[in-house]
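Before any comments, here is the structure.
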Amino acid sequence: MYKTSNTFPLNTTPVLVLELSITHIEQIRAHLLSLSEEDRLLRFGMFASDLFIENYVSSFDFGHDVFFGVFNNALSLIGFAHLGYSSSQGKSFNDAEFGVSVSESGRGIGIGTALFKRAAMHCRNSNIGILYVHCLSSNQGMMHIARKAGMVVEKSHGEAEAHLRIKPGNQASLIRETLDSHVAVIDYSIKETFQQVLKMALRLYKPRKFI
């Protein structure tokens, strides 16, 4: 039985989530390849080799699925979420599945929760009916996010599936998603400009050599 969410909680966390495009593909690849063996197991539900990750990233369809990320000040991707829209015969086309990974340096500050809330808000405003999460039952981080969001969690043979029925968004949710998106873009642009200025300064700066 699905649990219904009439109004998914608005994102009040200061973590800024950016909707990613193909221009961020190398940052996504670097993030996923940096995950430890254990983190890869939790993210993909299996031992994922570098080749598996390379093939996974190469399969991305930015025109079909939606991707979100959180960047640190150095523009390293430390949180990544993949919102995949269902196209199988077993599920309707208004279903989506959420997958997330957070770098070790970004844990404990709500990045995973922020990514989930951003994805859920996007689902509301895109007429997605049900949001799924499928992971190992040992993935305590994902289980915490799912239960916190009020998802129904079912466990079987070491795996877990959580689902939440989401009703369509309203004007308030549309405005909120738009504002959150604009703020994240501005934040990324500021960080990008700072990194460019920093690189230029380092190239221009030549320390004096004393004899």
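The values are calculated or read from the model by the stated rules, or taken from the named source; none is laboratory data. A quick note: this is a predicted structure, and the numbers were derived from the prediction, not measured. Neighbour counts run over all protein chains shown; Cβ positions are idealised from the backbone, glycine included.
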Q) Mind checking which pairs have a first residue in region 162-190 that is under 19 Å from Asn127 (Cβ atoms) and a second that is in a strand (DSSP E or B) and among the aromatic types (Phe, Trp, Tyr), Cβ under 7 Å, 6 or more apart or different chains? A) His163/Tyr132
Q: Considering only region 139-153, state which residues are loosely packed, with under 14 Cβ neighbours inside 10 Å and farther than 23 Å from Arg124 by Cα.
A: Gln140
(Q) Name the residue that is nearest to Glu38 (Cα to Cα), counting only residues in region 154-170 that are charged (D, E, K, R) and surrounded by 12 or more Cβ atoms within 10 Å (Cβ to Cβ). (A) Glu159
Q: Tell me, yes or no, whether region 77-94 has at least one residue that is among the hydrophobic types (A, V, I, L, M, F, W, C), more than 22 Å from Arg29 (Cα to Cα) and in a helix (DSSP H, G or I).
A: no
Q) Take the residues of region 49-71 that are β-branched (Val, Ile, Thr) and in a strand (DSSP E or B): which is farthest from Asp187 (Cα to Cα)? A) Val66
(Q) If a residue must be exposed (fewer than 10 other Cβ atoms within 10 Å of the Cβ) and modelled with pLDDT of 95 or more, how many such residues does region 171-204 contain? (A) 1
Q: Go through Ala81, Ala48 for me and flag whichever is touching a helix residue (DSSP H, G or I) at 6+ places or on another chain (Cβ under 8 Å), surrounded by 15 or more Cβ atoms within 10 Å (Cβ to Cβ) and more than 18 Å from Ala146 (Cα to Cα).
A: Ala48
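Is it the case, given these coordinates, that Val100 is among the β-branched types (Val, Ile, Thr), within 14 Å of the chain's Cα centre (by Cα), within 21 Å of Phe47 (Cα to Cα) and buried (at least 20 other Cβ atoms within 10 Å of the Cβ)? It would help to see each step written out before you state the result.
Working: among the β-branched types (Val, Ile, Thr): yes; within 14 Å of the chain's Cα centre (by Cα): yes; within 21 Å of Phe47 (Cα to Cα): yes; buried (at least 20 other Cβ atoms within 10 Å of the Cβ): yes.
Taking the combined requirement at face value, the residue satisfies it.
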Q.
Suppose we filter region 4-31 for residues that are surrounded by fewer than 13 Cβ atoms within 10 Å (Cβ to Cβ), modelled with pLDDT under 95 and either assigned to a helix (DSSP H, G or I) or touching a strand residue (DSSP E or B) at 6+ places or on another chain (Cβ under 8 Å) (or both); how many remain?
A. 1
**Q.** Members of region 63-112 found to be at pLDDT 95 or above and among the hydroxyl-bearing types (Ser, Thr, Tyr), listed by number
**A.** Ser76, Ser101, Ser103
(Q) Condition first: over 19 Å from the mean Cα position of the chain (by Cα), within 15 Å of Arg43 (Cβ to Cβ) and not in a loop (DSSP other than H, G, I, E, B). Now tell me which residues in region 117-159 satisfy that. (A) Glu159
Q) Quick one: which of Gly69, Gly110 is surrounded by 13 or more Cβ atoms within 10 Å (Cβ to Cβ) and on the phi > 0 side of the Ramachandran plot? A) Gly110
